[in-house]
Amino acid sequence: MSQCKKIQIRIIILFLFSFSVFLVNPAFGWDDETHLAIAKASEYSKWYYVVGPDIAKVKAGNIETYNHFFDNNNNVEVVPEIIFEQAGRYNHPEDEEGHLYGAILASLREYASRLKETGSEYHLAFCAHYIGDLSQPLHNIPYDDFNKEHHAENDGAAGKDVLQQISKIKKHMYRVNLRSDHFEEDLAKEIALIANKARLLGYELIKGNRNLSKEEAYIQLGQSASLFKAVLKHFSKVR
């Protein structure tokens, strides 16, 4: 077999593998510009890092993909205990239902344990992305036919000019208090609060067979930005 033929076969295999990764559950999430806008509204100095986790899915496959959603197939109310349980499944490539809530907590644990190491900031950027995904309603409900059909449209619901509309996100931000001596406890409660709001909104979309309105999208983005800003404030005190 010629060298050229071998290269062609390798390219085909790589393409088929990459394609199969996304067939399971694409978990696209908010589009890149929306993730960047959330980070900027949070006043994250490394806001340009936050699309990295979506890039990572291309090579890491399900190791990373399942960190971006929780299908909640049993439609249960999200409580803090679920967040702590999911944290143990962070980066687990066989957890097809997903573990978004635990990924937020686990990525911060990784960050906290590596504060003085080169590259520790990347763990915080992963968290920023996951907190962004948290407010996307379709990341909190089953990946059914409605979800598949409407996902891409809702990912860009804030509009193509979202990076020029940071003030609109800030309009919907609110203060989140994460106590230093009860950080994980408070964080889990806030994750559950946003997750349940997003889940219920997702079912409203299904009931109305519709997409998010732009106003609804900005309300959701404000929730993510508020929580991540509180996370940044916490770590500014412990660094």
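The values are calculated or read from the model by the stated rules, or taken from the named source; none is laboratory data. The model shown is predicted, which means the values in this text are computed figures rather than measured ones. Please note: Cβ atoms are built from the backbone with ideal geometry, for glycine as well, and neighbour counts cover all protein chains shown.
Filtering the range 144-198 to residues that are among the polar types (S, T, N, Q) and either on the phi > 0 side of the Ramachandran plot or under 18 Å from the mean Cα position of the chain (by Cα) (or both) leaves Asn147, Asn154, Asn196.
Condition check ((1) crowded, with 18+ Cβ neighbours inside 10 Å; (2) of a type in the set (A, V, I, L, M, F, W, C); (3) free of Cβ contacts under 8 Å to residues at least 24 places away in the same chain) across all residues:
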site	(1), (2), (3)
Cys127	yes, yes, no
Leu134	yes, yes, no
His139	yes, no, no
Asp145	no, no, yes
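Within the range 64-90, being in contact with an Asp or Glu (Cβ under 7 Å, 6 or more places away or on another chain), polar (S, T, N, Q) and either outside any loop (DSSP other than H, G, I, E, B) or surrounded by 16 or more Cβ atoms within 10 Å (Cβ to Cβ) (or both) holds for no residue.
The number of residues in the range 212-239 being surrounded by 20 or more Cβ atoms within 10 Å (Cβ to Cβ) and not in a helix (DSSP H, G or I) comes to 1. Scanning the range 170-184 for residues that are touching a residue at least 12 places away in the same chain (Cβ under 8 Å) and out of contact with any Ser or Thr (no Cβ under 9 Å at 6 or more places or on another chain) gives Lys170, Lys171, Asn177, Leu178, Ser180, Phe183, Glu184. Taking (1) modelled with pLDDT of 95 or more; (2) in contact with a helix residue (DSSP H, G or I) (Cβ under 8 Å, 6 or more places away or on another chain); (3) within 30 Å of Gln164 (Cβ to Cβ) in turn, Ser45 satisfies each apart from (2). When the range 57-74 is limited to residues that are more than 13 Å from the chain's Cα centre (by Cα) and not charged (D, E, K, R), the one that is farthest from Glu96 (Cα to Cα) turns out to be Val58. Filtering Leu108, Leu115, Leu138, Leu134 for residues that are farther than 25 Å from Asn75 by Cα and either of a type in the set (Val, Ile, Thr) or at pLDDT 95 or above (or both) leaves a single hit, Leu108.
Selection within the range 101-138: residues that are of a type in the set (S, T, N, Q) and not in a loop (DSSP other than H, G, I, E, B). The member of this set that is nearest to the chain's Cα centre (by Cα) is Ser107. Considering only residues of the range 101-111 that are without any contact (Cβ under 8 Å) to a residue 60 or more places away in the chain and not hydroxyl-bearing (Ser, Thr, Tyr), which is surrounded by the fewest Cβ atoms within 10 Å (Cβ to Cβ)? In this case the residue turns out to be Arg109.
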